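Trainee: One structure, pasted below without further comment.
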Amino acid sequence: LGLPARLSFGGVEPARDGRQVIIEIHALDGNGAGDGGGRAAGRRRSRRAHEDDDLAILIGKHGATLEALSAVTNAFMQKAELRGVFFAVDVEGYRARREAALRAIAQRCAHKVVDEGVAVELEPMPAAERRIVHLELASHPDVATESTGSGRDRRVVIMPRGSRLEPPPEDDEDFT
């Protein structure tokens, strides 16, 4: 895309069916020099903020573009005979920030469920993000989680432990 950026190796993590390699993308800091103060440093900081904004296009709305980049990278690399190795692309630490935000949301909603005794339904999210919420609350003594919906509308419901989600009402109409 012609964006000024650098790629780096972010490490290897265990994955469900093998190992996951993190590919990190970071904005360049202008001329590569450290901040020396003065007007030049201010221009470098301004340029860096602009480059970070440019890289936001790689993240996309709710990380959708980032997920697509990871999917394309995996499709390409699987053809290269790298079975059991999966690749995750990250831009400027977005994945870590999103994970921290999801954990905080899960905890806030769990407190609400305990305080009010009602289930809380989260926004639709990809499987990897739902997993973060489920794992965050798995050992919570007072709440349980369950995924509901299908496809892009699949979401996590946080409910008081021991309660169950009510199945959606069945449609009695006959369309035959």
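The values are calculated or read from the model by the stated rules, or taken from the named source; none is laboratory data. Keep in mind the model is a prediction, meaning the values are calculated, not measured. Here the Cβ positions follow ideal geometry from the backbone for every residue, glycine too, while neighbour counts run over all protein chains shown. Just so you know, the surface numbers come from the protein's heavy atoms only, side chains and all, with ligands and any DNA or RNA stripped out. Shrake-Rupley method; radii C 1.70, N 1.55, O 1.52, S 1.80 Å.
Trainee: So if I check each of 146, 136, which one is in contact (Cβ under 8 Å) with a residue 12 or more places away in the chain and part of a helix (DSSP H, G or I)?
Mentor: Of the residues listed, the single one that is in contact (Cβ under 8 Å) with a residue 12 or more places away in the chain and part of a helix (DSSP H, G or I) is 136.
Trainee: Going by the conditions given, is residue 29 assigned to a loop (DSSP other than H, G, I, E, B), at pLDDT below 85 and surrounded by 13 or more Cβ atoms within 10 Å (Cβ to Cβ)?
Mentor: Here the answer is yes, as residue 29 does meet what is asked.
Trainee: Moving on to the next point. Run down 103, 130, 152, 108 and say which single residue is of a type in the set (Lys, Arg), open to solvent by less than 50 Å² (accessible area, probe 1.4 Å) and part of a helix (DSSP H, G or I).
Mentor: 130
Trainee: Quick check: is even one residue across the range 108-120 acidic (Asp, Glu) and under 17 Å from residue 13 (Cβ atoms)?
Mentor: No, the range 108-120 contains no residue that is acidic (Asp, Glu) and under 17 Å from residue 13 (Cβ atoms).
Trainee: From 83, 45, grab the single residue that is open to solvent by 40 Å² or more (accessible area, probe 1.4 Å), farther than 21 Å from residue 128 by Cβ and either modelled with pLDDT of 65 or more or part of a helix (DSSP H, G or I) (or both).
Mentor: Going through 83, 45 in turn, just one is open to solvent by 40 Å² or more (accessible area, probe 1.4 Å), farther than 21 Å from residue 128 by Cβ and either modelled with pLDDT of 65 or more or part of a helix (DSSP H, G or I) (or both): 45.
Trainee: Same structure, new question: Can you pull out every residue in the range 87-99 that is over 18 Å from residue 8 (Cβ atoms) and open to solvent by 60 Å² or more (accessible area, probe 1.4 Å)?
Mentor: Residue satisfying the conditions is 99 alone.
Okay, residues lined up against (1) modelled with pLDDT of 90 or more; (2) out of contact with any strand residue (DSSP E or B) (no Cβ under 8 Å at 6 or more places or on another chain); (3) of a type outside the set (A, V, I, L, M):
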{"residue": "116", "(1), (2), (3)": "yes, yes, yes"}
{"residue": "119", "(1), (2), (3)": "yes, no, no"}
{"residue": "129", "(1), (2), (3)": "yes, yes, yes"}
{"residue": "157", "(1), (2), (3)": "yes, no, no"}
{"residue": "162", "(1), (2), (3)": "no, no, yes"}
{"residue": "166", "(1), (2), (3)": "no, yes, yes"}
{"residue": "173", "(1), (2), (3)": "no, yes, yes"}
